[in-house]
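Undergrad: Take this structure, written in structure tokens, and hold onto it; I'll ask about it next.
The values are calculated or read from the model by the stated rules, or taken from the named source; none is laboratory data. Everything quoted here is computed from the prediction, not taken from an experiment. Cβ coordinates were reconstructed from backbone atoms using ideal geometry, including for glycine residues, and neighbour counts include every protein chain displayed. Note: accessible area is taken over every heavy atom of the protein model, side chains too, but ligands, DNA and RNA are not part of it. Shrake-Rupley method; radii C 1.70, N 1.55, O 1.52, S 1.80 Å.
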Amino acid sequence: MGAMSGERWDVSQSRSVRSGWVWRGIMVLSLMALGVAIILAGNHQSLLAVFWVVIAAGWFSVSIWVWRMHARYVRGG
């Protein structure tokens, strides 16, 4: 019923922002994707390696964004 009340939902109210483990998990995923890219580059699969670097960069940027929101939540702002 809360979604139908017309109130806007803010991402800073989510459990993902309140928990410190979510941004850490996404960071680990980005490091794993970077590892996959390095392995693929070592096996001469450069196109796939570039795709995995793009995926790693996206996950890294999301983890930093969630980390900043979490830091703002912890500071009370």
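Undergrad: Just name one of GLY42, GLY58, MET27: the one whose Cα is farthest towards the positive end of the charge dipole of the chain (beta-carbon charges, Lys/Arg +1, Asp/Glu -1).
TA: Value computed over the given set: MET27.
Undergrad: Once you charge only the Cβ atoms, +1 for Lys and Arg and -1 for Asp and Glu, what is the size of the charge dipole of the chain about its Cα centre, to the nearest 20 debye? Let's see the in-between values first.
TA: Numbers: 7 positive and 2 negative charges, 59 e Å.
The calculation lands at about 280 debye.
Undergrad: Can you work out the accessible area per residue across the chain, with the rest of the protein chains kept in place, probe 1.4 Å, in square angstrom? Working shown, then result.
TA: Values: 5990 Å² over 77 residues.
Ligands and nucleic acids excluded, the figure is 78 Å² per residue.
Undergrad: Taking 37 °C and 0.692 mPa s as the conditions, I'd like the Stokes-Einstein D for the chain in µm²/s, using the Kirkwood hydrodynamic radius from alpha carbon pairs. Mind showing how you got there, number by number?
TA: Details: Rh = 14.2 Å.
Answer from the Stokes-Einstein relation: 232 µm²/s.
Undergrad: What is the angle, in °, between the Cα long axis of helix 21-42 and the longest principal axis of the Cα atoms in the chain? Nearest 10 is fine, range 0 to 90.
TA: Tilt of helix 21-42: around 10 degrees.
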